[in-house]
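Accompanying notes for the structure given below.
Laboratory data are not the source of any read-out in this text; all were calculated from the coordinates shown. These numbers were taken from a predicted model, which means no experiment stands behind them. Note that we place each Cβ from the backbone using ideal geometry, even for glycine, and neighbour counts take in every protein chain shown.
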Amino acid sequence: MLQKIEISSIDQIDRQAADQAASALELGKVVLFPQLAFPLAAGERRIISQDNATSDSKNISFNPQDATLKGSTLPVRDQNELIDLLTRFGDFAEALVCAIAPQYRSGLARMRTSFRPVEIAGRNYSWRKDDRRRHVDAFPSSPTQGARILRVFANVDQHETPRTWRVGPDFETYAKAFLPKTTRQLPGLAGLMALTGITKSRRSLYDQIMLGLHDAAKRDLTWQAATPAEEIGFLPGHIWMAYTDQVPHSVLSGRNALEQTFIVSRNVLQRPEQSPAAIISRLRGVDCLPG
Ligand SMILES: O=C(O)CCC(=O)C(=O)O
Ligand SMILES: [Fe+2]
């Protein structure tokens, strides 16, 4: 479930490295760039090493669409520096994605950039928010209608703390285990939620099923314990990315990560037949994508 690409700068990505990375991503692997560090300036290192998040938020996030920062208790001057850092990381992540999959450029939307300062191990979460349980990503208030969730991460910890993930099994195995546990959406509810702003757009059958697959896995502690996974330790300096709507993943420990979320439209995928929507539609015997 892991594809390593040994390059030390984005410029070094040639056709072969790009193809290797893009196919691995669409086949549901985590793509790791062990030599491709995201360098920090001295002032940025200072921001990262202080106590950063408000106690009830697990992330500080920057929304590039309206330029708002959420979850930070830093003084205003440092907040501006953090916004600069997150913007620079977003630019870096976007350049990396476009270098490995130039065809994504026309279908790529840059969403939130987050800084995840707080140690994962030993915190308390509700089961639905507990990313220490394996899951595929699905956003309750932001339906994608079949577009994909691509995320780029960097471990920027200054004390050599790895960020440890567990990944697996493949999406089809995961979907077969949990599809029977997903529930139907009440008729009329999707329209009502969109109308009242509970969701930003209409929750399609695809979105409903993906949320069900997310929740059912996190609820099932027996499955969590019994299903084998591959453990990966991402070290400071590592950059990694994955279609997190496709790779079952959990994070066990680590602190100080940067993350950039992209939404990738279906029509730029190289292998749409490997996507969660195609696999779910095949297993269910119905087309789960909207019109
Ligand atoms: O913070 C991480 O390393 C991953 C957490 C996660 O599963 C998520 O943000 O969806
Ligand atoms: Fe996740």
For LYS58, which aspartates and glutamates qualify as cross-link partners when the Cα separation must be under 14 Å and same-chain residues fewer than eight apart are set aside? GLU119, ASP130, ASP131, GLU259
Formal net charge of residues neighbouring ALA22 (Cβ-Cβ distance under 14 Å; K, R +1; D, E -1): +2
For the stretch 2-284, the Kirkwood Rh over every pair of distinct alpha carbons, in Å, works out to 19.5 Å
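Filter the cross-link list LYS129/LYS200; LYS176/LYS218; LYS29/LYS218; LYS29/LYS176; LYS176/LYS200 down to pairs whose alpha-carbon distance in this structure exceeds 23 Å.
Table pairs above 23 Å Cα-Cα are LYS176/LYS200.
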Using mean Cβ contacts within 10 Å as the protection proxy, how do 122-129, 191-198, 93-100 order, highest first? 93-100, 191-198, 122-129
What is the Cα convex hull volume of the stretch 20-103 when expressed per residue in Å³? 135 Å³
Where a label projected 7 Å from the Cα of LEU179 along Cα→Cβ would reach, residues of the stretch 257-291 with amide N under 17 Å: 273-290
What is the packing order of peptides 253-263, 102-112, taking the mean over residues of other C-beta atoms within 10 Å and listing the highest first? 253-263, 102-112
Taking a point 7 angstrom from the Cα of SER9 along the C-beta vector, which residues in the stretch 27-48 have backbone N less than 20 Å away? 33-42
Only counting other Cβ atoms within 10 Å, I'd like LEU2, LEU25 sorted with the fewest neighbours first. LEU2, LEU25
Among 13-24, 162-173, what's the highest-first ranking by average C-beta atoms within 10 angstrom per residue? 162-173, 13-24
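So if each residue of separation counts as 0.36 nm, and I subtract the Cα-Cα distance between ARG202 and ALA225, what length gain in nm does that give?
Separation in residues times 0.36 nm, less the Cα-Cα distance, equals 4.8 nm.
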Give the percent of DSSP beta bridges with both residues in the chain that are antiparallel, rounded to the nearest 5. 95 percent
